[in-house]
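Okay, structure first, notes after.
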Amino acid sequence: MMSMIMKWWSFKVYLVFILSIVCLMNVKAQEAYQQRIEKSRTFWEQLIPNHAKIQYAGGIGIVSAGLGWDYGKSKQWETDVMLGFVPSYSTQHAKATLTLKQSFLPWNNRRISDKFTIDPLACGLAANTIFDGEFWVSEPDKYPSGYYSFSTKLRFWVYMGQRITLHIPEEKRYMAKSITAFYEVSSCDLYLFSAFTNRYLKPTDYLRLAFGLKFHIF
């Protein structure tokens with residue numbers, strides 16, 4: 001009799017042990033699943049642009065506008081995709097441009113008052129193209145080899161500038177939590193090459209000045 005009772009208790013202990021292991025594995029699986037969901041959600045959330053930007057002049061169009069992302073430990077990196085507009089001027093029609101811009105702000109958000117911060121230095125690179133069949137990336141066959149050293153369709157830019165940001169109180173936020181005003185001085189590969197090979201050029205010939213606003217949405 002005693003042997004039967006011992007066997008019964010041993011069986012119950014064994015059963016409880018097995019059920020505990022199964023429950024623990026189930027909890028671990030649920031936690032792992034939840035972590036995967038959170039990582040996936042975070043990844044997709046990071047793809048949503050968190051600011052909008054509008055820029056006047058600067059070599060990428062008389063007016064350009066686009067969306068972008070701030071990231072990094074202190075939001076010191078910034079990537080923008082912008083569409084620009086170039087009036088017809090002496091040509092037959094207006095043109096559109098597309099710019100991919102990468103910025104770095106090494107000392108961003110330096111507070112100067114309760115509502116304002118400054119970025120004493122903003123610098124970066126950009127690649128810009130124009131949508132028009134008259135421009136080309138590779139030199140057409142109608143020109144002698146090496147006649148043009150640069151593509152007429154693709155420009156690479158480098159810039160430096162400064163920014164000041166107004167931080168909007170939460171109770172007064174409607175479309176943005178902060179608004180940044182900025183200026184940039186820039187030049188492109190073709191202009192810099194011309195500046196080094198043509199000493200008579202003035203800075204106004206190879207430098208471009210831009211002004212703009214950045215609306216930090218999220």
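Some values worked out for this structure:
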{"read-out": "Meets criteria (of a type in the set (Val, Ile, Thr), within 21 Å of PHE104 (Cα to Cα), at pLDDT 90 or above and under 27 Å from the mean Cα position of the chain (by Cα)) for ILE179", "value": "yes"}
{"read-out": "Enumeration of residues in region 107-126 that are small (Gly, Ala, Ser) and surrounded by 15 or more Cβ atoms within 10 Å (Cβ to Cβ)", "value": "ALA122, GLY124, ALA126"}
{"read-out": "Among residues of region 165-178, those that are over 30 Å from PRO203 (Cβ atoms) and touching a strand residue (DSSP E or B) at 6+ places or on another chain (Cβ under 9 Å), counted", "value": "7"}
{"read-out": "Cβ-Cβ under 6 Å pairs, at least 6 apart or on other chains, region 118-142 side part of a loop (DSSP other than H, G, I, E, B), far side surrounded by 14 or more Cβ atoms within 10 Å (Cβ to Cβ) and at pLDDT below 95", "value": "ASP132/LYS95; PHE135/THR152; PHE135/LYS153; TRP136/THR152; TRP136/LYS153; VAL137/SER151; VAL137/LYS153; VAL137/LEU154"}
{"read-out": "From the options PHE218, PHE182, residue that is in a loop (DSSP other than H, G, I, E, B) and either in contact (Cβ under 8 Å) with a residue 60 or more places away in the chain or surrounded by fewer than 17 Cβ atoms within 10 Å (Cβ to Cβ) (or both)", "value": "PHE218"}
{"read-out": "Enumeration of residues in region 43-60 that are in a strand (DSSP E or B) and not aliphatic (A, V, I, L, M)", "value": "HIS51, LYS53, GLN55, TYR56"}
{"read-out": "Qualifying residues in region 125-176 (those that are basic (Lys, Arg) and over 21 Å from HIS51 (Cβ atoms)) - the one modelled with the lowest pLDDT", "value": "LYS142"}
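The values are calculated or read from the model by the stated rules, or taken from the named source; none is laboratory data. What you see is a predicted model, and the numbers here were worked out from it, not measured in a lab. All Cβ positions, even for glycine, are placed from backbone atoms using ideal geometry, and neighbour counts span all protein chains on display.
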